[in-house]
Ligand code: PAF
């Protein structure tokens with residue numbers, strides 16, 4: 001790595017030393033330290049989080065760790081794409097990480113030296129609906145590693161993508177309920193020109209499946225239009241489902257949700273809700289969401 005490259009560390013002692021070294025001088029930045037947590041397989045969505053973090057903080061820490069705790073049996077833990085050299089090259093691109101920024105890429109042994117931890121964070125009710133219903137224990141695994149990474153990196157601000165809207169809400173709930181001293185910021189979804197929300201799992205899609213996957217963003221646009229025309233949540237769900245049913249292999253859920261609790265809003269609701277979908281295309285499970293404004297009938 002060159003002098004202008006971020007510091008790459010793999011264990012906790014190296015991380016502490018890197019964090020104790022003087023931070024880059026970004027005089028205009030309002031915070032000392034920001035963290036962006038990832039599982040690698042980086043794409044433009046992750047890089048937009050890093051760019052937002054650089055605007056906010058003198059030092060940016062990016063973590064790269066495929067967290068076994070958040071994968072269920074039969075999920076893609078083994079085949080999840082891992083390419084640290086490629087991720088580091090992307091992170092060192094123009095306007096991204098530079099000297100004094102830190103990439104923390106631990107092994108599972110560093111994160112869980114005694115094997116799977118016996119104490120975990122429970123996500124509570126938000127961890128049991130939607131993604132949590134399809135993937136039991138997923139959010140407990142996410143929150144456990146997020147809390148550990150917050151303790152290890154000690155940031156002022158942590159940035160998460162809105163693509164994983166339920167994860168963002170669960171992290172916010174944990175930070176609020178457990179008084180974790182960090183500010184959490186959500187960063188907008190990045191989409192390809194054709195509307196597909198960027199995801200590391202898009203790499204699994206065949207060209208034909210990728211075309212069919214466009215139904216997710218199309219369905220959300222149809223739902224947003226229905227809401228803007230005065231549609232109630234049940235009508236929004238119906239138009240979304242109709243678009244999805246025509247294209248995908250299975251719809252896991254269509255939700256019009258309270259942004260904090262991720263429970264379905266009542267049919268009389270007005271104001272901002274999260275319209276979230278999950279569907280299977282070929283062997284790949286995809287999620288997407290958008291805010292919708294419910295104006296009432
Ligand atoms: O969003 C992700 O990539 C992961 O869930 C996270 C937050 C890095 C925890 O493993």
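Some values worked out for this structure:
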quantity: Pairs with Cβ under 6 Å, 6+ apart, first in segment 133-146 and closer than 18 Å to residue 37 by Cβ, second within 11 Å of the ligand (Cβ to nearest atom) and outside any helix (DSSP H, G or I); calculated: 145/67
quantity: Which listed residue, of 42, 97, is within 13 Å of the ligand (Cβ to nearest atom), part of a loop (DSSP other than H, G, I, E, B) and crowded, with 22+ Cβ neighbours inside 10 Å; calculated: 42
quantity: Subset of segment 71-90 [touching a strand residue (DSSP E or B) at 6+ places or on another chain (Cβ under 9 Å) and over 14 Å from residue 39 (Cβ atoms)]; calculated: 88
quantity: Of all residues making up segment 232-253, the number that are within 27 Å of residue 211 (Cβ to Cβ) and touching a residue at least 24 places away in the same chain (Cβ under 8 Å); calculated: 12
quantity: Unique match (being at positive phi and in contact with a helix residue (DSSP H, G or I) (Cβ under 6 Å, 6 or more places away or on another chain)) among 34, 41; calculated: 41
quantity: Any hit, segment 61-77, residues being surrounded by fewer than 20 Cβ atoms within 10 Å (Cβ to Cβ), away from the ligand (no atom under 16 Å from the Cβ) and part of a loop (DSSP other than H, G, I, E, B); calculated: yes
quantity: Boolean, residue 86 is more than 30 Å from residue 253 (Cα to Cα) and in contact (Cβ under 8 Å) with a residue 24 or more places away in the chain; calculated: yes
quantity: Subset of segment 206-222 that is more than 13 Å from residue 249 (Cα to Cα) and touching a strand residue (DSSP E or B) at 6+ places or on another chain (Cβ under 7 Å) - its residue that is surrounded by the most Cβ atoms within 10 Å (Cβ to Cβ); calculated: 219
quantity: Any pair with Cβ under 7 angstrom, 6 or more apart, that starts in segment 175-204 at a residue that is within 23 Å of residue 150 (Cα to Cα) and ends at one that is away from the ligand (no atom under 13 Å from the Cβ) and at pLDDT below 95; calculated: none
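The values are calculated or read from the model by the stated rules, or taken from the named source; none is laboratory data. None of the values given here were measured: they were computed from a predicted structure. Every residue, glycine as well, gets a Cβ built from its backbone with ideal geometry; the counts of neighbours run over all protein chains shown.
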